[in-house]
1. From I443, I457, I470, grab the single residue that is among the hydrophobic types (A, V, I, L, M, F, W, C), modelled with pLDDT of 75 or more, surrounded by 16 or more Cβ atoms within 10 Å (Cβ to Cβ) and within 29 Å of V216 (Cα to Cα).
2. Scanning for something modelled with pLDDT of 80 or more and surrounded by 13 or more Cβ atoms within 10 Å (Cβ to Cβ), does region 290-298 turn up at least one residue?
3. For the subset of region 299-332 comprising residues that are hydroxyl-bearing (S, T, Y) and out of contact with any Asp or Glu (no Cβ under 8 Å at 6 or more places or on another chain), which member is farthest from A52 (Cα to Cα)?
4. What pairs can you find where one residue is in region 22-38 and at positive phi, the other is surrounded by 24 or more Cβ atoms within 10 Å (Cβ to Cβ) and among the small types (G, A, S), and their Cβ atoms are less than 9 Å apart, with a gap of 6+ or different chains?
5. Please find, among G316, G374, G285, G345, the residue that is at pLDDT 85 or above and in a loop (DSSP other than H, G, I, E, B).
6. Test K421 against the criterion of being among the basic types (K, R), surrounded by 13 or more Cβ atoms within 10 Å (Cβ to Cβ) and within 30 Å of S214 (Cα to Cα), and give yes or no.
7. For the structure I just gave you, tell me whether V97 is closer than 16 Å to F354 by Cα and touching a residue at least 12 places away in the same chain (Cβ under 8 Å).
8. Restricting region 574-623 to residues that are at pLDDT below 85 and of a type in the set (S, T, Y), which is surrounded by the fewest Cβ atoms within 10 Å (Cβ to Cβ)?
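The values are calculated or read from the model by the stated rules, or taken from the named source; none is laboratory data. Quick caveat, the model's predicted, so the values are computed rather than measured. Here the Cβ positions follow ideal geometry from the backbone for every residue, glycine too, while neighbour counts run over all protein chains shown.
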Amino acid sequence: MKNLFSNLRGDIFGGVTAGIVALPLALAFGVSSGLGPDAGLYGAIFISFFAALFGGTPTQISGPTAPMTAVSMVIIAGIIAANDGDVNKALPAILLVFLLAGLIQIVLGLAGIGKYIRYIPYPVVSGFMTAIGVIILITQIAPSLGYNPKDDVEFVNQFKPEAEERILENILKEEAGEGILVLEDFKETIDRAEKITQDDILRESQTLAAKEASGVLGSIKVLPRMIRNINWLELGLSLVTIFIIFGFKRITTKIPSTLVALVVVSGGAVAFGLDYNPIREIPSGFPSPNLGIFKSFSISAISPYIFTAIALAFLGAIDSLLTSVVADNMTKTKHKPNQELIGQGIGNSIASVFGGIPGAGATIRTVVNINAGGKTKLSGMIAGVMLLVIMLGFSSVASKIPAAVLAGILVTVGIGVMDYKGLRAIPSLPKDTKIKIFKVISIKLSSEVMIMLVVLILSSLWDLVNAVGIGLVIASLVFMKRIGDLTGQRSDVKPLTEEPWADEVGLTAELKEKVFIKHIKGPLFFGSTSDFQQLAKQIPKSASTIVIRMDRMQYIDQSGLYTLEDIIVDLKKEDKNVLFVDVQTQPRYMMERIDMIPDLIGEECIFDDFKGSLEWMKEHKDS
């Protein structure tokens, strides 16, 4: 507690400043997610406070972030669509996914997974972050232009036939659930169908239209309609917002330009009585817990979303720990990765119960906090309290913010979140991979660039979570192939007369004819076993003794172990002697576990150095 208040003045300034910076972003991310500005605000309040209180990075400010919102947006849209476009009906399932993600983060922290997050390859992170920027930019075209697919009568009317089919299909499902056999009771079906109104068909058509226009592909499909139906007032508000955000930074960075844009453009729109589209009304008063999560809880309700929640949890972990590294570099401290995951998990779990969208450590807000003087966990807690005070006292004012202003803010977020360092490096990276298209076109590019582009394209056009998984698999395969090739090149089987080691020079000419020495100069694992199998084929028939030197083989996996065993068995069948020299700790342990030592290779054939094996060979030169 003493350390918590050791930097009270600095933490107050840092927390208040970070909270002010977080306000417009929280509102914007909430609107972008599909749950509304209040969901973004609730997420920012609870995640900021509890992630700071229980986390492992003292200066970290947490809340909704661009990557977490982009993934949440897809999850929310999918669950709402599965619930006939009814947000209230879908909300318990949506929040359940967010709650599961938070709980999984706690488990990851308790299991000590935090320290392994840093092994995610840079190309995967680069492609993902750039994809986030692309997704935000493209999906914000519609709100920036003032286009709402639900208000486009011509577009909505295209979906009326499908809407009627969907409504009838739902009636049949309801009857089946009630045990009504349609073939035996058409009257009930007809009675229910007659109760369908034009308003019901319109609502379903609007839901289908919104679904068709959602995401990157949907936005691209309806782009011509957006352009034909531009609302010039909304576009003007967005452009002015963007101009102020980028322009004000050139004047000063002490005052957050995002906040300046929010206040100036929103204030001007209200003062001049402009006919703009405001954001959804933000409820006043302290948010109440959504107990529907627990009332509808069941294993069957959870199972479809487990993998989604796991992916969201890992994304939040990566996002947070990357920000923790930035904080460490600025403050010259060292965060506790596993504790940070526990804190993020607690914050996301509590936020979900109160209807907030998930979040993670936010880099910009954390940097603002540190620059303003924040040094302890108190700064993050104050940022959450600051947002709560704003919500309780000024929710009615915040509800008048134009939706186009938040769209403009998100456009600047999309531009800023892209990884320009990775994009600039594309031309300079070595082109070590050749791709053939239809056996006609051959393209050479860097494997690192290939991984980044795969993640970028799949994330933008398909699915963020699956794209990262595929990127990790490709990166792992590329890495393993490189290591395998490198190990194979360094471990080529060569006669002793070509590349003897220093302590092998004294071998007599008589022994050279009978001895074959193999140097293993790296790990023996599944990526290098195919090259190692060539050993048996290269051993001269005149060699009666095979010396395998393992001085530099620090690691062997199961594939390498069984490959080595097979080779030794074949050599034994040919009545050849096999000697091991300088077996390292891990390989020896593996060999003992499968009884290769001592069943195949006895202790008398294992030596600490080459000199010992040389004495054995001299004693058994006639064998």
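1. After applying the criteria, what remains is I470.
2. yes
3. Among those that are hydroxyl-bearing (S, T, Y) and out of contact with any Asp or Glu (no Cβ under 8 Å at 6 or more places or on another chain), it is S300.
4. That search, which allows pairs on different chains as well, returns G34/S72; G36/G30.
5. It is G374.
6. Answer is no for this residue.
7. Answer is yes for this residue.
8. S623
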